[in-house]
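Working notes for the structure below.
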Amino acid sequence: MSEFHIPMSQPDITERDIEAVTRVLRSGRLSIGPCIDEFEEAVRNYVGTRYAIAVASGTAGLHLCMRAAKAEDGAEVITSPYSFIASANCILYERGRPVFVDIDEDSFNIDPDAVEAALTDRTTALLPVHVFGRSARMDRICRTADRRGLTVVEDACEAIGAEFAGRKVGTFGKAAVFAFYPNKQMTTGEGGIIVTDDPNWDRELRALRNHGRAGNEWLEHHHLGFNYRLNEMSAALGLSQISRIEDLLARRARVAETYGERLAHIAGVRVLTPTAGATRMSWFVYIVRLESGMSRDNIAARMGEMGIPTRHYFPPIHLQPFFVERYGYKRGQFPVTERVSASTLALPFHTNMPEQAVDRVCRALQTAIDEETRLSA
């Protein structure tokens, strides 16, 4: 078989998407226009919430939610150390304190028992992460929050379309945030959206994203706000993409199914499956977990030599240099997170990935594992 390039990820962009963006460019209305309103309506209808507030990124959305949740001046927010760093940084932006708790070994999501153990009088909010499009245990998390009067914000940046107990993620907490970076299930280039059922949060978040403007007056500012608006071109792309979100999710699921079939024959490799209570997984990236004793880094390096890109998803947040230097975190504090992180590897994955590309990736993984086994024998 002739060699061909395999990208790590790739957005699904159609002529209809391009035409939607081009129409905005031709209109001359590039910001604060009708596409934002239409995109927000389409997302809230899809997710099943009363409100949706489009923002410049998932990180911006998480930050605004922490502002609305009053996670400020030392207030504690319990969250996961196994995530993209934005889910912890957003708390620090408000001078709050991220309180990490370990994850569940099967789901890679925040462990509800660990959440219970970490509660203090300073706990203000819970920020569960639906990592890799697999829902956290929202039943138990919400029960804990209700009992203590805590705010729940779902980091659903990787999980649009995922479901828990028959409900879409994003409908459990006070608010949730979805993100649309180019490697996500759908994309707006850069961008994100907050969903909520709370009219007060809707009003506040809309003001905060737009320099604190709460009324109709152009230069009247009621809050200390931010320039977190989504532009019209991104909104137009998002509107086009959300119109075919079920097709995008279905095609990603088929690529994941193909991977699962091929990898079932490779010893020492475990694939992700839907977790307890999750009635639908939304495929963000394709992660495999390697058997204990295998060097994930050696295997990744060998695959790279064969032209197959891989990624380390995710390095533990508490061991990131900034968090080590500022808070003194050390190895061993969250052993499950560290064990999972050291053994997981993201393989190339995107909506339109052909079977021959999956085959080539799996052959390279098998070869790399065989070589690792031979050298360690």
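Values quoted throughout were computed directly from the atomic coordinates according to the rules given, and no laboratory measurement underlies them. As the structure is a prediction and not an experimental result, all values here were calculated from the model. As a convention, Cβ positions derive from the backbone with ideal geometry for all residues, glycine included, and neighbour counts pool all protein chains shown.
Our summary gives region 245-376 a relative contact order of 35 percent, counting only alpha carbon pairs under 8 angstrom and 6 or more residues apart. Taken about its Cα centre, region 201-316 carries a charge dipole of about 220 debye when Lys and Arg each add +1 at the Cβ and Asp and Glu each add -1 at the Cβ. Computed from phi, the 3J(HN,Hα) profile of region 133-142 under the Karplus parametrisation 6.51, -1.76, 1.60 (θ = phi - 60°) reads x, 10, 5, 6, 6, 5, 5, 6, 5, 5 Hz, with x in place of Gly and Pro.
I'd like the distance between the alpha-carbon centres of region 1-66 and region 152-188, rounded to an integer number of Å. Result: 14 Å between the Cα centres. Near Lys184, which lysines are there with a Cα under 18 Å away, not counting those fewer than 8 places off in the same chain? Those lysines meeting the cut-off are Lys168.
Report the per residue volume, in Å³, of the convex hull enclosing the C-alpha atoms of the chain.
145 Å³
Charge dipole of region 244-306 (Cα centre as origin; +1 on each Lys and Arg Cβ, -1 on each Asp and Glu Cβ, all else neutral): 120 debye, rounded to the nearest 20.
Calculated from the alpha-carbon coordinates, region 104-240 shows an Rg and a Dmax of 16.7, 51 Å respectively. Computed from label points 7 Å out along Cα-Cβ, the spacing between Glu261 and Ser376 is 3.0 nm. Determine the dipole magnitude for region 15-242: charges of +1 sit on the beta-carbon of Lys and Arg, -1 on that of Asp and Glu, nothing else is charged, the reference point is the Cα centre, and the result goes in debye to the nearest 20. Roughly 460 debye for region 15-242.
Amide H contacts of Tyr286 (H built 1.01 Å from N, in plane; Pro and chain starts excluded): Leu347 sit under 5 Å, all sequence-distant by 5 or more or on other chains.
The phi-based Karplus calculation (6.51 cos²θ - 1.76 cosθ + 1.60; θ = phi - 60°) puts the 3J(HN,Hα) values of region 148-161 at 9, x, 9, 7, 10, 10, 8, 7, 9, 4, 10, 9, 4, x Hz, whole numbers, x for Gly and Pro.
Simple rule: put +1 on each Lys or Arg Cβ and -1 on each Asp or Glu Cβ in region 309-359, find the dipole, and look at Gln333, Pro354, Gln320; the Cα lying farthest toward the positive end is Gln333.
Under the criterion of Cα pairs below 8 Å and six or more residues apart, the relative contact order for the chain equals 21 percent.
Taking the helices alone, the chain has a mean residue ellipticity at 222 nm of -12500 deg cm²/dmol, built from -39,500 (n - 2.57) per DSSP H run of at least 4 residues and averaged over all its residues. All Cα-Cα distances of region 245-376, cut into 5 Å bins from zero to the largest, leave 2, 10, 17, 20, 18, 14, 11, 6, 2, 0 percent in each bin in turn. In order along region 326-338, the Karplus-derived 3J(HN,Hα) couplings, from 6.51 cos²θ - 1.76 cosθ + 1.60 at θ = phi - 60°, round to 7, 10, x, 5, 9, 4, x, 6, 10, x, 5, 4, 5 Hz, and Gly and Pro are given as x. Computed on the Cα atoms alone, the convex hull of region 1-126 gives a volume of 200 cubic angstrom per residue.
Charged neighbours of Val285, selected by a Cβ distance under 12 Å, balance to +3 (K, R count +1; D, E count -1).
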